2 protein chains.
Amino acid sequence: MALSHAILVSLLDRPQSGYDLAKRFDQTVGYFWNASHQQIYRELHKLSEAGLVRPAELTQADRPNRIVYSLTEGGEAHLHDWVDEPTTAPNVKEELLVKLFALGTADPAALAQEVGRRLAFHQDRLARYEAVMAEYYPDPDSLPPRKQGHYLGLRMGVLLERSLIDWCREAEAVLAQAPR
Amino acid sequence: MALSHAILVSLLDRPQSGYDLAKRFDQTVGYFWNASHQQIYRELHKLSEAGLVRPAELTQADRPNRIVYSLTEGGEAHLHDWVDEPTTAPNVKEELLVKLFALGTADPAALAQEVGRRLAFHQDRLARYEAVMAEYYPDPDSLPPRKQGHYLGLRMGVLLERSLIDWCREAEAVLAQAPR
DNA sequence: GTTGCATATGAAACAATGCGCATATAAAGT
DNA sequence: ACTTTATATGCGCATTGTTTCATATGCAAC
């Protein structure tokens, strides 16, 4: 149970449909917790059966009807119980590092290219994070509690991306240094 | 298929049993790619069926027999094909951030405690990484290719842990600042 | 006018991951 | 004597994640 909690937390803000949740997961929350729309719909059915959320169908004239879910009292209680449980650090699953372990038998030029792609990716993502930061959190010292979580998520993103950019540069140097 | 590749890469170094692999995954590789011994044994059976590794049973008198796996030619080819495919950045799945999104309705004191635990965890892990770094990689400028991957893995670990430590401190400040 | 995109939900199949349980022996600690 | 630790391999079930397919509509672009 973990995606379920991400959904419940998201519903704290406001009732949402599966479609809303999927879109939101593509944006803010999705930088550190991702899910496809199929996973979300499936999970919503389960949560609904478990009585943690309540569905309400909204008729729409010109578009398909929406099914908007809201937290039940049980859902809120479940969420707060979960928050009180201790959390463990995630493990990274960094494929690129696995590939680098093949150095010595694999082609260093191909790997250098990979690292270059990753550098561009992290630079791009950092730029987007910093843009959001500048627009929505110019003054992080006086945030209402409801926004602290979002700010801290973004902040972790910024710090991690910066480190990864540094790492990519170092990796490029290492790979360039001793080409077979 | 991803754990399979981590196993194949590990077997590049030398033939190993499931037990060996599990231990190794607890150490070096395991910081960014984790797997339980059950996952490893299961994957070894699959790889064996696919003809990518070859098992050899070694009889031992006083202990259970070991089944040592080595890469086949097909396994090496498969590995090199995989290295040439482009890699995507992993997504983080950071439970703690999901919990922080509940701020405003959740108890900030409990979350501050969680962040404190995480700070201690990352400090500890950083210390271990730096110890390995000092012992095995005092001079990273002249590494044989076969060791570059390990060095870069460790290096990413160091950079990420430092960032996470910084983040934890900031998070503590944010949580302390506005207690309800 | 047809292509593509956004809205909106879902089934079904399959692959990968994780968690708990099971088994067997020897050495070393308490 | 008893417990823990290390060696060594494995099954079964549940959860999670990915891919493909299906349906239905409106709007804008080309």
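Of the residues contained in region B:45-53, one or more are found to be part of a strand (DSSP E or B), touching a residue at least 40 places away in the same chain (Cβ under 8 Å) and farther than 30 Å from A:Trp82 by Cα.
Determine, yes or no, whether B:Ala134 is loosely packed, with under 14 Cβ neighbours inside 10 Å, at pLDDT 90 or above and under 30 Å from A:Lys147 (Cβ atoms).
Values: loosely packed, with under 14 Cβ neighbours inside 10 Å: yes; at pLDDT 90 or above: yes; under 30 Å from A:Lys147 (Cβ atoms): no.
No: the conditions fail for B:Ala134.
Among the residues of region B:155-177, is there at least one that is acidic (Asp, Glu) and over 30 Å from A:Val174 (Cα atoms)?
The first filter runs over region B:155-177 and keeps only residues acidic (Asp, Glu), leaving B:161, B:166, B:170, B:172.
The next check asks that each one be over 30 Å from A:Val174 (Cα atoms); those that pass are B:170, B:172.
Within region B:155-177, one or more residues are acidic (Asp, Glu) and over 30 Å from A:Val174 (Cα atoms).
Sub-8 Å Cβ pairs linking a first residue in region B:75-97 that is facing chain A (nearest Cβ under 7 Å) and outside any helix (DSSP H, G or I) to a second residue that is open to solvent by less than 50 Å² (accessible area, probe 1.4 Å) and of a type in the set (Phe, Trp, Tyr), at least 6 apart or interchain, are B:Asn91/A:Phe32; B:Asn91/A:Trp33; B:Val92/A:Phe32; B:Val92/A:Trp33; B:Lys93/A:Phe32; B:Lys93/A:Trp33; B:Glu94/A:Phe32; B:Glu94/A:Trp33, ordered by first then second residue. On the stretch given as region A:98-109, residues that are part of a helix (DSSP H, G or I) and surrounded by 15 or more Cβ atoms within 10 Å (Cβ to Cβ) total 4.
Select from region A:1-27 the residues that are at the interface with chain B (Cβ under 9 Å from one of its Cβ atoms) and of a type outside the set (A, V, I, L, M) and write down the one among them that is farthest from B:Ala89 (Cα to Cα). Only one residue fits best here, namely A:Asp13.
Residues in region A:133-174 that are among the small types (Gly, Ala, Ser) and at the interface with another protein chain (Cβ under 7 Å from one of its Cβ atoms): A:Gly149, A:Gly153, A:Ser163, A:Ala171.
Listed here are the residues, each with its yes/no results for (1) open to solvent by less than 70 Å² (accessible area, probe 1.4 Å); (2) more than 15 Å from DNA strand D (Cβ to nearest atom).
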| position | (1), (2) |
| --- | --- |
| A:Ile7 | yes, no |
| A:Ser10 | yes, no |
| A:Arg14 | no, yes |
| A:Phe25 | yes, no |
| A:Arg42 | no, no |
| A:Pro55 | yes, yes |
| A:Val68 | yes, yes |
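Would it be correct to say that B:Trp33 is aromatic (Phe, Trp, Tyr), modelled with pLDDT under 95, within 16 Å of DNA strand D (Cβ to nearest atom) and over 30 Å from B:Trp167 (Cα atoms)? Here the answer is no, as B:Trp33 does not meet what is asked.
In the list A:Pro90, A:Pro86, A:Pro15, A:Pro64, which residue meets the criterion of being within 14 Å of DNA strand C (Cβ to nearest atom) and in contact with a Ser or Thr (Cβ under 9 Å, 6 or more places away or on another chain)? I'd like the intermediate steps shown before the answer.
Values: A:Pro90 fails: in contact with a Ser or Thr (Cβ under 9 Å, 6 or more places away or on another chain); A:Pro86 fails: in contact with a Ser or Thr (Cβ under 9 Å, 6 or more places away or on another chain); A:Pro64 fails: in contact with a Ser or Thr (Cβ under 9 Å, 6 or more places away or on another chain).
Every option except A:Pro15 fails the conditions.
Could you tell me whether region B:119-132 includes any residue that is closer than 19 Å to A:Val83 by Cβ and either assigned to a helix (DSSP H, G or I) or facing another protein chain (nearest Cβ under 7 Å) (or both)? Yes, the conditions are met somewhere in region B:119-132.
Given the residues B:Ala35, B:Ala112, which is the only one that is within 27 Å of A:Tyr31 (Cβ to Cβ), more than 8 Å from every other protein chain (Cβ to nearest Cβ) and outside any helix (DSSP H, G or I)?
Working: B:Ala112 fails: outside any helix (DSSP H, G or I).
On inspection, the qualifying residue turns out to be B:Ala35.
The values are calculated or read from the model by the stated rules, or taken from the named source; none is laboratory data. None of these values were measured; they are calculated from a predicted model. We place every Cβ from the backbone using ideal geometry, glycine too, and count neighbours over all the protein chains shown. Ligands, DNA and RNA are stripped out before the accessible areas are found, and what is left, the full protein with its side chains, is counted by its heavy atoms. Shrake-Rupley method; radii C 1.70, N 1.55, O 1.52, S 1.80 Å.
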